[in-house]
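The values are calculated or read from the model by the stated rules, or taken from the named source; none is laboratory data. What you are looking at is a predicted structure, and each value in this text was computed from that prediction instead of being measured. Heads up, the Cβs are rebuilt from the backbone with ideal geometry, glycines too, and the neighbour counts pull from every protein chain shown. Areas reflect the complete protein model, heavy atoms only, side chains present, ligands, DNA and RNA absent. Shrake-Rupley method; radii C 1.70, N 1.55, O 1.52, S 1.80 Å.
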Amino acid sequence: MVNLYELREGKKFSALTTDEKIIYFTEVARKALPYWGYAEETELKLLNYTENATFEIKPAETEHFIMRVH
């Protein structure tokens, strides 16, 4: 299990590079999936990154949906 604080290596979010922020947002999205009844391994695809990240979530057993992480 990834520790999100360790992923940031103790840095403030604003100090992360764009690539590091995308990795961080992707991990946050993965960690949120079980709260909605989906496995962390569910396929997801980054659609957009600005001040937040928008993912397409592709569960095998149901329709695809969109998740936005702020």
Descending packing, highest mean Cβ count within 10 Å first, for 12-21, 49-58 is 49-58, 12-21
So for the pair V69, E43, with labels modelled 7 Å out along Cα→Cβ, what separation do we get in nm? 1.9
Where the chain is the region considered: accessible area per residue in Å², 1.4 Å probe: 70
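I'd like the projected area of region 16-70, averaged over all directions, using the convex hull of its alpha carbons. Report it in nm² with one decimal. Intermediate values should be presented prior to the final figure.
Details: hull surface 14.1 nm².
Taking the Cα atoms of region 16-70, their convex hull projects to 3.5 nm² on average.
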Calculate the dipole size of the chain relative to its Cα centre from +1 charges on Lys and Arg beta carbons and -1 charges on Asp and Glu beta carbons; express the result in debye to the nearest 20. 280
